[in-house]
Amino acid sequence: MKKLMTIFLVVSVMMFFMVTPGLAKTKWNANSVWPPKNQHSVGLEEFAKKVSAATNGELELVVHSGGALGYKGPELLKVVRDGLVPVSDMLISGVAGDEKILQIVTLPFLVRDFNELKILIDISRPYFDKAAKKWNQKILYTAPWPGAGLWTKKKITTLADMKGLKTRTYDKNGALVMQAVGATPLALPFSEVYTSLQTGVIDSVMTSSPTAVDAKFWEVLKYYEPLNITIATNMVNVNLKAFNKLPKAQQDALVNAGKEMEKILWEGVKKWDGDMVAISNKNGIETVAPSKKLIADMERITENIRAEWLKGAPPDAQKIYSDFRKKVKR
């Protein structure tokens, strides 16, 4: 009997040590509201693979794209703060209603190209990190979108051509831009945009090239004016309490994978934009390159939007704005 007990104890101990590594595995959901083939969802999938490889599978991120988890873009700061998902991709401007310093990326015609956007995000990052910490989260990486232009039924070459447009916009400042040029902005759910274009409720959309491809705008629109009204940026955040519970090696794996993905996605955004515009052109959309005069007119007519926002901006946002303008010599 004693011999059997001894054997049982030995086997039990052996089994304990055999299963313990498996029990140490951490599995997290990672949220994306973008379609599976969107570059940001693809990037999140690649990020998950890098983390799994770096931790030998001990930390696994299961990516749910297309809004499959049911969370909406504007609520994602709260969702990650409350630990409803440990990791989520989110549009910075989309959650800026909850954190005013993030609104700096929504200012129209503040940045003129991807290089200037990178300068703005680099200057902003320490302040964004501080804001994220306040919301019980940590930014793992940022990733840009192609710039927002106008997709229209009629060709736009001058400021006067914009007067009377009925344009679907996606945020407050975008609406102010269209009001400034004499157009009527409409804040429609994106699910209603296509039918609204078909029925004449709107005749134009302010958005980026990937969204135009997703929506097959060539079926209902004719022209694209790449104005770079704003150039949006995403961030991928992790719940800070969940992050702090991880072993140091897994924390380092998340941070390092984030740095790698940030580099890849920033370097790839021009190609992504070019590919999406090329698909639109192939299907019948004509790209109308804006003249220097049109851009200068747009910058001038939207100056008051930037100035009014700055008046009520927190001190950190004012410093970001000032440092950025000095850096780009404007």
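The values are calculated or read from the model by the stated rules, or taken from the named source; none is laboratory data. Worth saying up front: this structure is predicted, and the values here are computed from it rather than measured. Heads up, the Cβs are rebuilt from the backbone with ideal geometry, glycines too, and the neighbour counts pull from every protein chain shown.
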**Prompt:** For the range 42-63, how many residues are surrounded by fewer than 19 Cβ atoms within 10 Å (Cβ to Cβ) and either small (Gly, Ala, Ser) or not assigned by TED's automatic domain parsing to the domain that holds PHE243 (or both)?
**Reply:** 4
**Asked** For the range 185-214, which residues satisfy the criterion of being within 19 Å of SER93 (Cβ to Cβ), of a type in the set (Gly, Ala, Ser) and without any contact (Cβ under 8 Å) to a residue 40 or more places away in the chain?
**Response** ALA187
**Complete:** In the range 277-312, residues that are over 22 Å from THR158 (Cα atoms) and touching a Leu at 6+ places or on another chain (Cβ under 7 Å) total 1
**Asked** Of all residues in the range 97-122, which are in a loop (DSSP other than H, G, I, E, B) and in contact (Cβ under 8 Å) with a residue 40 or more places away in the chain?
**Response** LEU107, PRO108, PHE109, LEU110, VAL111, ARG112, ASP113
**Message:** Return the residues of the range 197-217 that are touching a Ser or Thr at 6+ places or on another chain (Cβ under 6 Å) and not aliphatic (A, V, I, L, M); say none if nothing qualifies.
**Reply:** SER204
**Asked** Only one of LEU91, LEU84, LEU76, LEU102 is surrounded by 15 or more Cβ atoms within 10 Å (Cβ to Cβ) and over 24 Å from ASP316 (Cβ atoms); which?
**Response** LEU84
**Message:** Out of the residues in the range 107-136 meeting the condition of being within 16 Å of the chain's Cα centre (by Cα) and over 20 Å from LYS270 (Cα atoms), tell me which one is surrounded by the fewest Cβ atoms within 10 Å (Cβ to Cβ).
**Reply:** ASP129
**Message:** Here are the criteria: (1) surrounded by fewer than 22 Cβ atoms within 10 Å (Cβ to Cβ); (2) in the same structural domain as ASP273 (by TED's automatic domain parsing); (3) small (Gly, Ala, Ser). Tell me which single one GLY182 does not satisfy.
**Reply:** (2)
**Message:** Here is a check on your reading of the model: is GLY66 assigned by TED's automatic domain parsing to the domain that holds ASN256 and either out of contact with any strand residue (DSSP E or B) (no Cβ under 8 Å at 6 or more places or on another chain) or buried (at least 22 other Cβ atoms within 10 Å of the Cβ) (or both)?
**Reply:** yes
**Asked** Do we have LYS241 as basic (Lys, Arg) and either in contact (Cβ under 8 Å) with a residue 60 or more places away in the chain or in the same structural domain as ALA54 (by TED's automatic domain parsing) (or both) here?
**Response** yes
**Request:** For the range 236-277, enumerate the residues that are touching a strand residue (DSSP E or B) at 6+ places or on another chain (Cβ under 7 Å) and over 24 Å from LEU76 (Cα atoms).
**Result:** VAL277
**Fill in**
Reported set for the range 264-318 where residues are without any contact (Cβ under 8 Å) to a residue 40 or more places away in the chain and of a type in the set (A, V, I, L, M) is ALA278, ALA296, ALA307, LEU310
**Residue identified as of a type in the set (A, V, I, L, M, F, W, C) and within 23 Å of SER124 (Cβ to Cβ) among ALA143, ALA180, ALA187, ALA160** = ALA143
